[in-house]
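Asker: The structure that follows is given in the form of structure tokens.
Nothing in this text is a laboratory measurement; each read-out follows from the coordinates by a stated rule. Computed from a prediction, not measured in an experiment: that's the story for all the values here. Please note: Cβ atoms are built from the backbone with ideal geometry, for glycine as well, and neighbour counts cover all protein chains shown.
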């Protein structure tokens, strides 16, 4: 195999052949006899056809217009010819079976996961930053070939398998730090390829079937060991999961996760920011796309019916459709109203409580009793949310730490309150009310978080609270030695002036925040020299170094979040959407009726058949939620999907737009108000034909060169102009191609992965 230096020494007679020159040998001989070297205009190599090699960077004008129109039509109301079934699902079910079989059970998930792992490891063996991975050189050499190889329009599990590998690479990096950051690079490659593959699914599948196709990629459930060899299944899954054995989860969804959930767990924020992903997230959030979610534990399981991923037509659905209560947008509004009601009851209870210790603390007021009953149902809903998708997903919610804090405060109050009533102790009952008063600093911010979930201040505050808590724990750990040392010093004085641990800790805390210097003044009571030495050393380390580090950490956290504000907001939106789709029947009951449903319906679950339990459950849900269901139905039939008259171009006329039309720049707006006529569209198609394969022989390249005044075109265009040996950029491209050829010839095993 020749080296790169050998290419530079290639004879002039052979160079035109490499450059794509089509002259015959006789033409070259004639040119040599005449004493002049003549070269014909090189032909532009044909671009790869769409759908074979998906490496094109631009689309034709007509195709771009068609795709934009298709995306807009996906938001319109389903036509009369597209009939949905009596549940409002499109495409309609094929039979009356309550359960839809898994349409992706044939996919080789296990094999695909390990295939992708071998491909990524073979392709990436050095650490690169995310910006380097997105550079044109890495895109051409690594990313695009991997995307071309992995993309299969019939396999909707590719994105899931890529994100599973991302989690594994991140886990390996945390346990194998000696590999530098190569595993982080591989994880970023998996995320980048997943984004490209999802985009191709969105581009290749149009209309409402395409919307369903992309939805299957993101929210269909997949199992990592699906279609694995029998010995692998026997060694790794000898027993069923405990949630299945106790009938707490769906047996057919055992170990199943969605690509959207894996992206949230792995914090693949760049993937979740892509337009294709956000399109599905938005449609699921509004309830246009419906599916049966996977769950970890269902406290009140009702698994009689199982619908596949479908589009929802509110005109064909029943008026009282209980499944609309778990639509993320509807559930978000209901949860906000529930929390506001909880806050109102809490304030009424605290305002009307007894202010002096006495017999009034030994009995419940009507407001306290109402608050306790409602708060119990609200806490049950919160606990069920944690069990639904697991602790990891729940804590990604923006206000989850505030909800958990309220749960801890409420049950602490409830336990102390019951103890005081059992022992008829008014002081203990008063203490319970005092504990409950600590919930107000949690509930007011929780209301603000609920009303403004996409505010960057709140998103940053959540991340900064995590950093503050971490550094505070480290500070308490490190400075605990100062506290113990000063406590021991106070015991060694001649007069024995003991200072309790609480007193010394209070002095240290004041010094930590720079509030008071009493600890420095009183430190001589511990020891005339060692006491002030320890206290001043603590003041220097704590007030100066640790607080400076804290401010720097919080500033860096806020700066990073502000720079990636769009990713953070869309990541939180994806978390809110995924967590809002619930499968547990308990979420269909409003507090405190969910407590009653748990007490009454859970025993019936073991007494009735699945069909009759489903009937009892939906009857109770429809009766208790009838006003809400009617409001939701009336709204969705009018506003869930856009009408055809609302399609572009917009026809909104306001006084401001009318005034702008009289200005100097009115034509800039008016040119887009109407669709171009057919003659203009035909002219666009003619331009597309010129820019496509067959139009480059008509002198269009020469016209572009003459206009630009140059005989060479960019390397990315595929037209090579002057001598390759004189152009280092072209030599580098040729070297990359030769190295790729050598790798294919020398490494057949890699090509077969």
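Asker: Sorted by mean Cβ packing within 10 Å, highest first, what order do the peptides 453-465, 258-270 take? Intermediate results must be reported in sequence, preceding the final value.
Answerer: Numbers: 453-465: 16.5, 258-270: 22.9.
Taking the mean over residues of other Cβ atoms within 10 Å, the ranking is 258-270, 453-465.
Asker: Residues of the stretch 394-413 with backbone nitrogen within less than 17 Å of a virtual label 7 Å along the Cα-to-Cβ line of residue 455, please, listed as ranges.
Answerer: 398-403
Asker: Moving to a separate point now. Normalized C-alpha radius of gyration of the stretch 458-578, against 2.2 N^0.38 Å?
Answerer: It is 1.45.
Asker: Based on the Kirkwood radius over alpha-carbon pairs, what value in µm²/s does the Stokes-Einstein equation return for the translational diffusion coefficient of the stretch 328-451 at 10 °C and 1.306 mPa s?
Answerer: Using the Kirkwood radius from Cα pairs, D works out to 104 µm²/s.
Asker: Could you check the simple spin-label distance between residue 437 and residue 527, using points 7 Å along Cα→Cβ, in nm with one decimal?
Answerer: The modelled label-to-label distance comes out at 4.2 nm.
Asker: Determine the gain in length on full extension of the stretch residue 424-residue 506; use 0.36 nm per residue of separation and subtract their C-alpha separation, reporting nm with one decimal.
Answerer: Additional length available on full extension: 26.1 nm.
Asker: Which order do peptides 187-195, 104-112, 305-313 fall in by mean Cβ count within 10 Å, highest first? Intermediate values should be presented prior to the final figure.
Answerer: On the way: 187-195: 25.9, 104-112: 16.7, 305-313: 20.6.
Final packing ranking: 187-195, 305-313, 104-112.
Asker: Follow-up question, since we're still on this one. Assign one of three labels to the stretch 134-221, namely rounded, prolate or oblate, based on the Cα gyration tensor with a ≥ b ≥ c the square roots of its eigenvalues; rounded applies when a/c is under 1.5, prolate when it is not and a/b is larger than b/c, and oblate otherwise.
Answerer: oblate
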